[in-house]
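Enquirer: What follows is a structure written as structure tokens; I'll ask about it next.
Values quoted throughout were computed directly from the atomic coordinates according to the rules given, and no laboratory measurement underlies them. Since we're looking at a predicted model, the values are computed, not measured. Here the Cβ positions follow ideal geometry from the backbone for every residue, glycine too, while neighbour counts run over all protein chains shown.
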Ligand SMILES: NC(=O)c1ccc[n+]([C@@H]2O[C@H](COP(=O)([O-])OP(=O)(O)OC[C@H]3O[C@@H](n4cnc5c(N)ncnc54)[C@H](OP(=O)(O)O)[C@@H]3O)[C@@H](O)[C@H]2O)c1
């Protein structure tokens, strides 16, 4: 394993925080590119995507960029303004990186970017999506398609580009598992909508390990799904969380119309899903530490 100088955008988030910890533990030099200074284990350089500002000192010595920045998809209601923020925080941030890299005078050889399985669209069908499938047509699929188009341009600069289409990341700290566990702990958990929608999930440590493999493995280029080998339905995940927490589930499923009234179009995040294949990343030699839901939940909920 060769030690690298790695710059991470959006590093203060769920994936970036754990990725920083593991890269530093392996002996790499890690710096961050963020919107604010933060005290912590890595020096932060600043950028402002709206103002097109970028501290070029961030590129000094940098060999690898890991691009994770993006406004949280589930953080706020999907008003037109928020939808624009979700899109531009990904496309314009990638354009800004492209423009700065195009100026030259740097040693960046590898660009590993977050993408999302939302690329395929959430259609609630039995199809298993692989990397060669075409993009879907809902709001998130359109965001991810445009984001990936910007990421792909970075290859024109002679830089190796890997796009990790991330699934639903399971962590006790944030995201889907934290939100689903809360009501279950208070005896108010239940499946959502039909409960039959697929959740293509991955343990936080496995997605971070995929990023580390993509940084190191020069054979990897293009898109890889970053979700585990065994997607489950919303009902199965809800039941498994309740079993792991030793809590009963007795309430009926929350009806889809109620969620649509409450969340509008954003309800699709929980009412729809997709079944995504992990074959390509496994063919590349990646071994999941937490392949089954049982192992992942035991690790995350009973530590
Ligand atoms: N977690 C998942 O389940 C999941 C699934 C699919 C795809 N992804 C994608 O993977 C990436 C990382 O995921 P994550 O869960 O670590 O995300 P996260 O916790 O929401 O962190 C994203 C980071 O992006 C930066 N950011 C937020 N709003 C921004 C804006 N308007 N402009 C520029 N930067 C902004 C922030 O970093 P600073 O404050 O340091 O700038 C933030 O900490 C995201 O792009 C996400 O869409 C995640």
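Enquirer: Along Cα→Cβ, 7 Å out, is where each label goes; now give me the distance between the ones at residue 194 and residue 292 in nm to one decimal.
Expert: 2.8 nm
Enquirer: Grab the Cα-Cα distance for residue 257 and residue 132, subtract it from 0.36 nm times how many residues apart they are, and report the gain in nm with one decimal.
Expert: That works out to 41.6 nm of additional length.
Enquirer: Using Cα springs under 10 Å in a Gaussian network model of the chain, which residue among 164, 254, 276 shows the largest mean-square fluctuation?
Expert: Fluctuation is largest for 254.
Enquirer: To the nearest 500 deg cm²/dmol, what mean residue ellipticity at 222 nm is calculated for the chain from DSSP H runs of n ≥ 4 alone, each contributing -39,500 (n - 2.57), summed and divided by the residues?
Expert: That comes out to -11000 deg cm²/dmol.
Enquirer: With no solvent and one equal point scatterer placed on each C-alpha of segment 1-78, evaluate the Debye formula and give log10 I(q)/I(0) for q = 0.13, 0.22, 0.23, 0.24 Å⁻¹, two decimals.
Expert: Debye output, listed in q order: -0.39, -1.02, -1.09, -1.17.
Enquirer: Restricting things to alpha carbons, tell me how big the chain is in terms of Rg and Dmax, in Å.
Expert: 19.2, 62
Enquirer: Tell me, what does the Kirkwood hydrodynamic radius of segment 93-151 come to in angstroms if you use every pair of distinct C-alpha atoms?
Expert: Averaging 1/r across every pair of different Cα atoms and inverting gives 13.2 Å.
Enquirer: Cut-off 14 Å, label point 7 angstrom out along Cα-to-Cβ of residue 48: give me the residues of segment 1-38 whose amide nitrogen falls inside.
Expert: Of the residues in segment 1-38, 34-37 have backbone N under 14 Å from the label point off residue 48.
Enquirer: Mind ranking 228-239, 16-27 by how tightly packed they are, going by the mean number of other C-beta atoms within 10 angstrom, highest first?
Expert: My ranking of the peptides, most packed first, is 228-239, 16-27.
Enquirer: Compute the projected area of the convex hull of the Cα atoms of segment 57-117, averaged over all viewing directions, and report it in nm² to one decimal place.
Expert: Quarter of the Cα hull surface area: 5.0 nm².
Enquirer: May I pose another question? Whole number please: convex hull volume per residue, Cα atoms of segment 109-193, in Å³.
Expert: Taking the convex hull of the Cα positions in segment 109-193, it is 121 Å³ per residue.
Enquirer: Give the peptides 169-180, 125-136 in descending order of average Cβ contacts within 10 Å, highest first.
Expert: By packing density, highest mean first, the sequence is 169-180, 125-136.
Enquirer: On to the next question. Running Debye on segment 162-260 with equal point scatterers at the Cα sites and no solvent, what base-10 log of I(q)/I(0) appears at q = 0.13, 0.14 Å⁻¹?
Expert: The calculated log intensity ratios at q = 0.13, 0.14 Å⁻¹ are -0.53, -0.60.
Enquirer: At q = 0.09, 0.12 Å⁻¹, what is the base-10 log of I(q)/I(0) for segment 25-137 according to the Debye formula with one equal point scatterer per Cα and no solvent? Please give it to two decimals.
Expert: Here the Debye-derived log intensity ratios amount to -0.33, -0.56.
Enquirer: Can you give me the distance in nm between label points at residue 80 and residue 22, each placed 7 Å from the Cα along the Cα-to-Cβ direction?
Expert: Taking the two extended label points, one gets 4.1 nm.
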